[in-house]
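In what follows, a structure is listed as structure tokens, so that the remarks can point back to it.
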Amino acid sequence: MELRQLRYFQAVVEAGSITAAAAQLHMSQPPLSVAISKLESLVGVPLLVRTARGVEPTSAGRYLLDASTRILGQVDDVVADLRRFGAGVAGTLTLAAVPALTWHRVPSLLRRFARQAPEVEVRLVDPPPWAAMEMLQARSVDLAAILVADGERFRKRHSGDMEVHDAGPVPLVGVFPPEEAGLGDDETAPQAGEGAQSVPLSVFEGRTVLVPRRTAAVASLPEAVDKTFRRHGVTPGAVRTVETIQNGLALIEAGQGVGLMPDPDRASLRRFAVQTRSLSPEPAPMRALILARNGASKDPTIRGFLRLATQDPTRDRV
């Protein structure tokens with residue numbers, strides 16, 4: 001049985017005659033009569049009673065009419081849903097974003113994306129950058145949002161393996177214990193980006209600096225810190241490796257060291273009980289990148305997300 005046959009049968013019953021139904025369907029009467037006869041032969045029972053006034057459904061015909069109404073309604077719903085997928089406003093999207101981006105930029109982006117595509121379910125995970133890239137290559141996520149020390153260098157290295165979309169600069173700020181002398185207390189002193197006076201990079205001289213562990217897969221924060229200190233002639237007293245930025249923040253809060261860390265939109269680190277300060281001279285910013293498998297941006301949902309995430313470097317975005 002074909003959907004076309006059900007639509008023909010439904011039209012005939014509703015019109016009350018094959019001739020009238022043929023006119024509504026913009027076809028001639030003989031092919032429609034043949035289609036109805038084939039449908040009756042297929043199901044093995046008369047569906048219509050032919051009279052001088054037209055046609056009326058048999059009891060089997062009334063059953064088929066009810067069933068076909070449900071079936072065709074479901075088909076129309078499926079088609080409508082698929083069109084929403086095609087428009088990029090329905091479906092699912094899985095994003096792997098490094099934690100520093102999930103603290104502020106990603107939520108802001110997802111709010112705007114929800115207004116654009118409210119029926120898209122976004123799934124979020126927050127692995128370290130190398131793990132996010134592995135998840136992308138393994139097809140367990142659709143997109144990966146990471147931070148890198150040198151966006152152009154990363155693009156040259158990986159552009160053949162994946163799509164690399166630049167999502168703007170991420171400033172580096174100084175991060176200090178809440179009671180740090182000379183910076184003011186954490187409740188009254190303005191934080192980075194809130195009118196705070198910058199502190200000199202020399203504040204790191206001779207100090208214990210906490211840096212996440214580095215990986216050959218992604219040149220990220222450790223490389224950015226090294227580059228900043230070399231460029232400006234700063235020599236820490238010790239560089240202590242921690243597993244993640246989150247670990248480093250906890251230790252800084254505990255007074256175990258200081259850090260040079262990314263602060264997307266100068267708002268992401270506000271949730272932590274540490275002091276943040278702009279630095280002078282200001283370090284070169286890191287870059288936020290969104291990675292996709294080659295060809296993935298042809299998907300309407302992914303394309304819409306990327307458009308929002310990369311549309312304007314002055315806006316809050318991943």
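The values are calculated or read from the model by the stated rules, or taken from the named source; none is laboratory data. The structure presented is a predicted model; accordingly, all values stated were derived computationally and were not measured. Cβ atoms come from the backbone with ideal geometry, glycine included; neighbour counts cover every protein chain shown. Accessible surface areas use protein heavy atoms only, side chains included; no ligands, DNA or RNA. Shrake-Rupley method; radii C 1.70, N 1.55, O 1.52, S 1.80 Å.
Things to note:
- Linear extension gain, Ala250 paired with Gln24, 0.36 nm per residue minus alpha-carbon span: 74.1 nm
- Taking the inverse of the mean reciprocal distance over all distinct Cα pairs, the Kirkwood hydrodynamic radius of the chain comes to 23.9 Å.
- The distance separating the Cα centre of region 210-259 from that of region 44-65 comes to 80 Å.
- Helices meeting the span-like rule in the chain (full DSSP H runs, Cα extent of at least 24 Å along the helix axis, mean Kyte-Doolittle score of -0.5 or higher): 59-86.
- For the chain: relative contact order, % (alpha-carbon pairs under 8 angstrom, 6 or more apart): 23 percent
- Site pair Gln74 and Arg115 shows an inter-label distance of 3.9 nm when each label is modelled 7 Å from Cα along Cα→Cβ.
- Heavy-atom accessible area per residue - the chain, 1.4 Å, Å²: 49 Å²
- Each residue, Arg123 and Arg213, gets one label point 7 Å from its Cα in the Cβ direction; the gap between the two is 2.7 nm.
- Dimensions (Å) - region 204-252, Cα atoms, principal axes, largest first: 26, 24, 12
- Radius of gyration (Cα atoms) of region 242-307, expressed as a multiple of 2.2 N^0.38 Å: 1.55.
- Scaled radius of gyration (Cα, divided by 2.2 N^0.38 Å) that region 18-139 gives: 1.92
- Taking every DSSP bridge with both residues inside the chain, close to 60 percent are antiparallel.
- Shown for the chain: the carbon plus sulfur share of the solvent-accessible area, taken with all protein chains present and a 1.4 angstrom probe, equals 50%.
- Once the chain from Ala60 to Gln137 is taken as fully extended at 0.36 nm per residue, the excess over their C-alpha distance is 22.3 nm.
- Förster radius 35 Å - calculated FRET efficiency between Arg4 and Thr51 (Cβ-Cβ, nearest 0.05): 0.85
- Cα gyration tensor of region 1-80 - equivalent ellipsoid semi-axes, whole Å, descending: 19, 15, 12
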